[in-house]
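Q: Okay, handing you the structure first.
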Amino acid sequence: MAIQHNKNTQELWRLFSGIIVLALSAYFLFSAAHFFTLDPGALGKYDKTKWILLLHITGGGVALLTGPLQFWERFRAKRWVLHRQVGKAYLLAILISGSCAVYLSFTTAYAVGWSYAFTLQVWVSVWLTASFLAYRTAVKKKFKLHREWMTRSYLVTVAFVISALLNKLPFIQDKGSFAEVSPSLFWFGWAVPLYVYEIILSLQRKQ
């Protein structure tokens, strides 16, 4: 009974976490909707690379919304084939969005500043690497490692939402300009969650 209770509690926690992530993701995508008007004023520095930007946002949106399904155990157990298809869609979305992010980080990002561009370059490198390893371990049927790398991949995916929301907080904006503040927030958005996850994995391995 205790084991079943723990499983139910974990399932409810995952469901609650998934709902929160989806709500934050929906808000993030809604806040980026103005780019799809193709208005030069709304696009700003992205006007000349608007199609790449829109592909980046769209791919990132698909990854944000499909990611939680990969961690839903009942879905994975009862809909194994669909789980694999959704996983492929998630990884393809990251490949598209990440490739666009690489281009943007080496072009328009420099309009903000060197540190901003460098931060994005490292960030997208971590994103693509973690996602590739998630795919690679699945192909090799190393499913425990696959789940771990999928978790890392999604933590970096959600980091885009976390950093964007932090940037909009008034007390953060008071700390300086976007170019001054955003690089630190970008590092915080993915590095801290990954660090915490590694601690959790380390503690679990000792049990």
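Q: Using +1 on the beta carbon of Lys and Arg, -1 on that of Asp and Glu, and nothing else charged, what's the dipole of the chain about the Cα centre, debye to 20?
A: 1160 debye
Q: Could you check the simple spin-label distance between Q85 and Q121, using points 7 Å along Cα→Cβ, in nm with one decimal?
A: 4.1 nm
Q: Sticking with this one: Most fluctuating residue of S184, S99, S131 in a GNM of the chain with Cα springs under 10 Å: which is it?
A: S184
Q: Cα-Cα pairs above 26 Å in the stretch 2-206: how many percent?
A: When all Cα pairs of the stretch 2-206 are counted, 36 percent exceed 26 Å.
Q: Among H56, H34, which comes first, then next, by fewest other beta-carbon atoms within 10 Å?
A: H34, H56
Q: Name the residue farthest towards the positive end of the dipole of the stretch 55-207 from the options F178, H146, L133, assuming +1 on Cβ of Lys and Arg, -1 on Cβ of Asp and Glu, about the Cα centre.
A: Ranked along the dipole, the leading option is H146.
Q: Provide the gained length on full extension for the span I20 to A42, in nm with one decimal, where the gain is 0.36 nm per separating residue minus the Cα-Cα distance.
A: Gain in length upon complete extension: 5.1 nm.
Q: May I ask you to sort K141, K175, K45 by Cβ crowding, counting other Cβ atoms within 10 Å and putting the fewest first?
A: Ordered by Cβ neighbours within 10 Å, fewest first: K141, K175, K45.
Q: Got a sec? Charge dipole of the chain, +1 on Cβ for Lys and Arg, -1 for Asp and Glu; which of G60, A42, W114 is way out at the positive end?
A: G60
Q: For L38, L166, what ranking results if the residue with the fewest other Cβ atoms within 10 Å of its Cβ goes first?
A: Result, fewest neighbours first: L38, L166.
Q: In terms of Cα to Cα distance under 20 Å, which lysines are near enough to K168, apart from those fewer than 8 places away along the same chain?
A: Cα-Cα hits under 20 Å: K45.
Readers should treat all values here as calculations from the given coordinates under stated rules, not as data from a laboratory. Predicted model only: the values in this text are computed from it and were never measured. Neighbour counts run over all protein chains shown; Cβ positions are idealised from the backbone, glycine included.
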